[in-house]
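The values are calculated or read from the model by the stated rules, or taken from the named source; none is laboratory data. Keep in mind that what you see is a predicted model, and the values were worked out from it rather than measured. For neighbour counting, all protein chains shown are included, and Cβ atoms are generated from backbone atoms with ideal geometry for every residue, glycine included.
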């Protein structure tokens, strides 16, 4: 019986642990999102948004570029419509590019 309170406590914390790995359910407004994440570190992005829905890597003369893609994260400016994809380009551990699209990612 002593383990029952411990078990209940663990069950209460497990959902919050899994939620910490995912990005917010509430979409960001476009301009505040761009201002918040432009030039930030990859670690900052991961802490704020959680694990990306997908990651693509490309090599060039500057090194490795990672493209982190999050689904349904940002609202279109002056609209309630949400972009299907937000792509964050990470170069040398810093955000270099931010973009949104409704086109299928390839």
Worksheet entry | Test: residue 28 is modelled with pLDDT of 50 or more and either loosely packed, with under 10 Cβ neighbours inside 10 Å or more than 15 Å from residue 96 (Cβ to Cβ) (or both) | yes
Worksheet, complete the sentence: Result of the Cβ filter at 8 Å on the stretch 72-84, keeping first residues that are on the phi > 0 side of the Ramachandran plot and at pLDDT 95 or above and partners that are part of a strand (DSSP E or B) and crowded, with 16+ Cβ neighbours inside 10 Å, at least 6 apart or interchain, is 72/82
Practice prompt. Run residue 98 past the list (1) more than 14 Å from residue 30 (Cα to Cα); (2) touching a helix residue (DSSP H, G or I) at 6+ places or on another chain (Cβ under 6 Å) and report the number of the one that doesn't hold.
Written response: (1)
